[in-house]
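Remarks on the structure that follows.
The values are calculated or read from the model by the stated rules, or taken from the named source; none is laboratory data. Since this is a predicted model, take the numbers as computed values, not measurements. When we count neighbours, we look across all protein chains shown, and the Cβ atoms used for this are built from the backbone with ideal geometry, even at glycine. Note: accessible area is taken over every heavy atom of the protein model, side chains too, but ligands, DNA and RNA are not part of it. Shrake-Rupley method; radii C 1.70, N 1.55, O 1.52, S 1.80 Å.
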Amino acid sequence: MSDEVTARSRHGGREARRRERSHRATGPGRPYILRNIPTYDILSEENLARIERAADRILAETGIEFRDDDAALELWRKAGARIEDRLVRFEPGMLREILKTAPAEFTQHARNPANSVRIGGNSVVFAPAYGSPFVMDLDRGRRFGTLQDFENFVKLAQSSPWLHHSGGTICEPTDIPVNKRHLDMVYAHLRYSDRCFMGSVTAEERSEDSIEMARIVFGRDFVEKNCVILGNVNVNSPLVWDGTMTRSLRAYARANQCAVVVPFILGGAMGPVTNAGAIAQSLAETMAGCALAQLERPGAPVVFGNFLSSMSLRSGSPTFGTPEPAIGSMVIGQLCRRLNLPLRCSGNFTTSKLPDAQAMTEGTMSMLAAIHCGANFILHSAGFLDGLLSMSYEKFVLDTDLCGALHSYLDGVAIDDNQLAVDAFAEVGPGNHFFGSAHTMANYETAFWDSETADNDPFEKWEAAGSEDAATRANRLWKQKLREFEPPPLDEGIDEALKDFVARKKAAMPDAWY
């Protein structure tokens, strides 16, 4: 056998072992993570209570506007809120009482049952970034996203053992009319992934279309009793819920599906510059959205969401991955647990325009905030660049690698006879090497997380191989993953029914590009 073939076989064997390790039912590749480290609770009971009282004053004295949704106002009126035109005020404790019907945790079912996820409790679910109109890669630069880009990112998410969820609007397919692109996006999630996914929220009828497509796959009766799709709805901060969002929120709740309720607060623009004030605002806005879902259908699953961020007070530009929102996330986690709701908080945020040191510094700070605050559903885990304006192919790969490291981080430190390795000390003795010991050989495949993107070779070997940086390696990896991608099986009858639904819906309306 030639040296070339021998080297290739050895390399292929390592790759095969790495793939096997990354898809085990326990450890890496699991359908979701069960955290084995505590949350980081930074505020005292007294200070948490002060924030809650501030939120109660905002709700009772200033109130929240609910625009262009008379049905929502009627629900609040029946629940006992004080209403003046579209302004709704809430007595202290009212929203907390309504929220008692919301489940503390729930299962979102995937079309492949092995990929269903648990949201809430000690579970952690990583999902890709969401909502960028642009995409980026090192070859073509920044450009508007297309349906092909959208499908590519769904395939990359499905290919990664470190993500658990297919996400939602991974990028905007701007080559498809606005009023029809939700159909193509949901179909792409269902065709190219067998993981859980999110639907559209940009109009009530698009939310209903998304849910109906889920019914085609899962069956109407199953969807009536189980969560199979999420809808991510945003508050129009400060203190405004617009009808587009509340009607979509109610559509998901009405179908017993989950609304992820998220304020988007840029400190100094849509909220105060002080962290405590922004947290109190966020608590008020999110409780109102989650409670509205319960008024629409008591017991419908909801996720208490949060997106704190900051801005440059010199230029007015948004900033992401900064320390103040990161530490604020810890407090959001404490407040959410007092409400006994699942939490979405933070993610891999950055304003960098390239997958560079700034991107990874800011992204790691905000991602660790998500981990330590106790977030259960972490949207924006991979690909976020350019202040969420761009989805990056290279950063997607780098970020999923970080998600892999976080699997091991969240596992904590196991304590048992094997981990303590007392017998290994007896075998090796003082001053000797553990590298070839029986304990090392028994544990070497699972002892340490194995990065897909990091280069750990000596400098000379790295230089001889072309001196590639991480982004260049990631560029090669995403192309390889797309070349090797094979879609998960989908029943032909279901596939035809989905295509027929999409075709009929598209034929029933003219294109709209706004």
### Message
Considering only residues that are under 30 Å from Leu75 (Cα atoms), of a type outside the set (A, V, I, L, M, F, W, C) and part of a helix (DSSP H, G or I), which ones fall in region 287-324?
### Response
Gly289, Gln294, Glu296
### Message
Can you tell me how many residues within region 451-482 are farther than 24 Å from His407 by Cα and of a type in the set (Val, Ile, Thr)?
### Response
1
### Query
Taking region 78-121 as the region of interest, how many residues are under 19 Å from the mean Cα position of the chain (by Cα), open to solvent by less than 30 Å² (accessible area, probe 1.4 Å) and of a type in the set (A, V, I, L, M)?
3
### Message
Looking for something among the polar types (S, T, N, Q) and open to solvent by less than 10 Å² (accessible area, probe 1.4 Å) - is there at least one such residue anywhere in region 357-372?
### Response
yes
### Query
Just one of Ala442, Ala382, Ala426, Ala438 is open to solvent by less than 50 Å² (accessible area, probe 1.4 Å) and not acidic (Asp, Glu); which is it?
Ala382
### Query
For residues in region 478-493 being more than 24 Å from Asp149 (Cα to Cα) and in a helix (DSSP H, G or I), which is most open to solvent (accessible area, probe 1.4 Å)?
Glu492
### Message
Restricting to region 424-477, count the residues that are in a helix (DSSP H, G or I), closer than 30 Å to Ala357 by Cβ and of a type outside the set (Gly, Ala, Ser).
### Response
10
### Message
Looking at region 249-268, I want the residues that are under 20 Å from Asp70 (Cβ atoms) and have a partner that is of a type in the set (Phe, Trp, Tyr) with Cβ atoms under 6 Å, at least 6 apart or on another chain. Which pairs are those?
### Response
Ala259/Tyr252
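I need a count of the residues in region 390-429 that are of a type in the set (S, T, N, Q) and out of contact with any strand residue (DSSP E or B) (no Cβ under 9 Å at 6 or more places or on another chain).
Matching residues across region 390-429 total 3.
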### Query
Of Ala251, Ala280, which residue is under 23 Å from Val502 (Cα atoms) and in contact with a helix residue (DSSP H, G or I) (Cβ under 7 Å, 6 or more places away or on another chain)?
Ala251
